[in-house]
Amino acid sequence: MSAYFRTDPYRGWFSAFEPLLNGLGVSYYEGSASTALHTDICSPVATNPTWSGLKEADRAVLESDGGPLWRMLLEELRPQIVALSVAKAHLKRIEFTPMTAWHVIHAFERTAGGDLRSRPYEICARWYDVGGERSLFAFGAAAQKPFGLLADSQKRETGELLLEAYQDG
């Protein structure tokens, strides 16, 4: 798994996160000051086929075992920032002790092309205690891909805003 982003990454999916990561000053790929790690909130276990291609029964098994495994992984890693772009219902899977309420750190009222959105796209954040350390969890609604309703420039801006929010504590 350590060589995944050097050998054969699923770029169609992971490229959706890369602009946000770059705004944070990190990347999945070599050459960055810091390296990002991708896990699924339902299970940190890599699957083939990808999650959407799994049978419902297989997903259920992974979810029941994967939730506690995901929690243990984060407790071990104690990440500084966790960026989530999932269905909002999955946020209930976060079993860490919240330190703050969810709050909007930015709302994109316009598309990258300047058109007014029918509903602002909100980036929300909340601090959690993860393994005795503060971790900033950020959420943006998913579309077909993570943060799929944002243009790359807006994703980069989101990363910059998350970094600022983390640094401001």
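Structure data summary
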quantity	calculated
Accessible area of segment 108-169 divided out per residue, in Å², using a probe of 1.4 angstrom	53
Surface share of carbon and sulfur [accessible, 1.4 angstrom probe, percent] for segment 14-57	52
Per-residue [θ]222 nm for the chain (sum of -39500 (n - 2.57) over DSSP H runs n ≥ 4, rounded to 500)	-9500 deg cm²/dmol
Measure of compaction for segment 47-143 (Cα Rg per 2.2 N^0.38 Å)	1.27
Per-peptide average of other Cβ atoms within 10 Å, ordering 92-100, 66-74 highest first	66-74, 92-100
All lysines inside 20 Å of Lys88 as judged from Cα atoms, apart from same-chain residues fewer than 8 positions distant	Lys145, Lys155
Cα pair count fraction exceeding 12 Å, expressed as % - segment 106-169	72
Value in Å of the Kirkwood radius, where the chain supplies the Cα pairs that are averaged	16.8
Theoretical gain in end-to-end length, Arg11 to Asp168 [0.36 nm per residue, Cα-Cα removed]	53.3 nm
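The values are calculated or read from the model by the stated rules, or taken from the named source; none is laboratory data. Predicted model only: the values in this text are computed from it and were never measured. Using ideal geometry, Cβ is built from the backbone for each residue, glycine included, and neighbour counts are taken over all protein chains shown. Remember, those area values only see protein heavy atoms, side chains included, never the ligands or the DNA or RNA. Shrake-Rupley method; radii C 1.70, N 1.55, O 1.52, S 1.80 Å.
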